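One structure below.
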Amino acid sequence: MEITIKGEYGRPDITIKIGTEYGSEMYRKGGMICRVAPWSSSGCPITLSICICPDGAILKRAWDWVTTSGTNPYLHAISKQEDVEVTDAMRDTVGGLFSGRILVDGVKIAVGASVQEICPIDLEKEEQVVGKKIFVT
């Protein structure tokens with residue numbers, strides 16, 4: 001089933017496939033499995049599961065429709081810290097998600113504290129990469 005989320009504030013519409021698993025590779029050793037419900041603060045419980053790999057790749061696991069009690073508008077880690085191999089490439093990917101330089105299916109992902117505890121963001125480096133100040137509230 002495909003669902004289109006209407007873009008707001010001049011952003012393009014986003015079409016995602018609900019309940020479809022992406023490819024056969026959904027995890028790599030040392031990867032960090034994460035979940036996010038980007039529109040849950042608006043009451044839309046569509047949740048994305050991803051794996052951020054040690055080589056910096058993002059494996060999309062699936063978009064799912066879940067109950068609102070199980071959603072979080074911030075990307076949070078499901079993996080345990082001791083199971084994740086944090087590398088410079090992974091830090092770059094997490095930083096890119098944080099700044100909006102990297103989008104998943106056209107969606108900006110808000111990176112939560114549990115991901116940052118496992119894989120800290122180098123804010124100064126990310127500001128240099130994107131060429132602007134990133135304000136953290």
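Each reported figure results from applying straightforward, stated rules to the coordinates on display, with no laboratory input. Computed from a predicted model, the values in this text were never measured in an experiment. Every residue, glycine as well, gets a Cβ built from its backbone with ideal geometry; the counts of neighbours run over all protein chains shown.
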For the chain, with a Gaussian network of springs between Cα atoms less than 10 Å apart, report the residue from VAL111, VAL84, VAL36 with the top mean-square fluctuation. VAL84
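Viscosity 1.567 mPa s, temperature 4 °C: what is the translational diffusion coefficient of segment 36-85 from Stokes-Einstein with a Kirkwood Rh over Cα pairs, rounded to a whole number of µm²/s? Mind dumping the intermediate values first?
Numbers: Rh = 11.7 Å.
The Stokes-Einstein estimate is 111 µm²/s.
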Suppose R0 equals 22 Å. What FRET efficiency, 1/(1 + (r/R0)^6) with r the Cβ-Cβ distance, do MET26 and LYS6 give to the nearest 0.05? 0.15
Label-point separation (nm) for CYS44 and ALA113, each offset 7 Å from Cα along Cα-to-Cβ? 2.7
At a threshold of 8 angstrom on Cα-Cα distance, excluding pairs fewer than six apart, so keeping six or more, what relative contact order does the chain reach in percent? 21
Can you sort TYR74, TYR27 by how many other beta carbons sit within 10 Å, fewest first? TYR27, TYR74
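So which of LYS29/LYS80; LYS17/LYS108; LYS80/LYS125; LYS60/LYS80; LYS17/LYS133; LYS60/LYS108 end up more than 23 Å apart, counting from Cα to Cα? Please list the in-between numbers first.
Numbers: LYS29/LYS80 13 Å; LYS17/LYS108 17 Å; LYS80/LYS125 26 Å; LYS60/LYS80 19 Å; LYS17/LYS133 34 Å; LYS60/LYS108 14 Å.
Where the Cα-Cα span goes over 23 Å, the pairs concerned are LYS80/LYS125; LYS17/LYS133.
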Anyone know which of VAL86, VAL115, VAL66 comes out most mobile in the 10 Å Cα GNM of the chain? VAL66
Debye intensity ratio I(q)/I(0), log10, segment 2-130, q values 0.09, 0.19 Å⁻¹ (C-alpha model): -0.24, -1.10
Gain in span if fully extended, ALA57 to ILE18, counting 0.36 nm per residue against the direct Cα distance: 11.9 nm
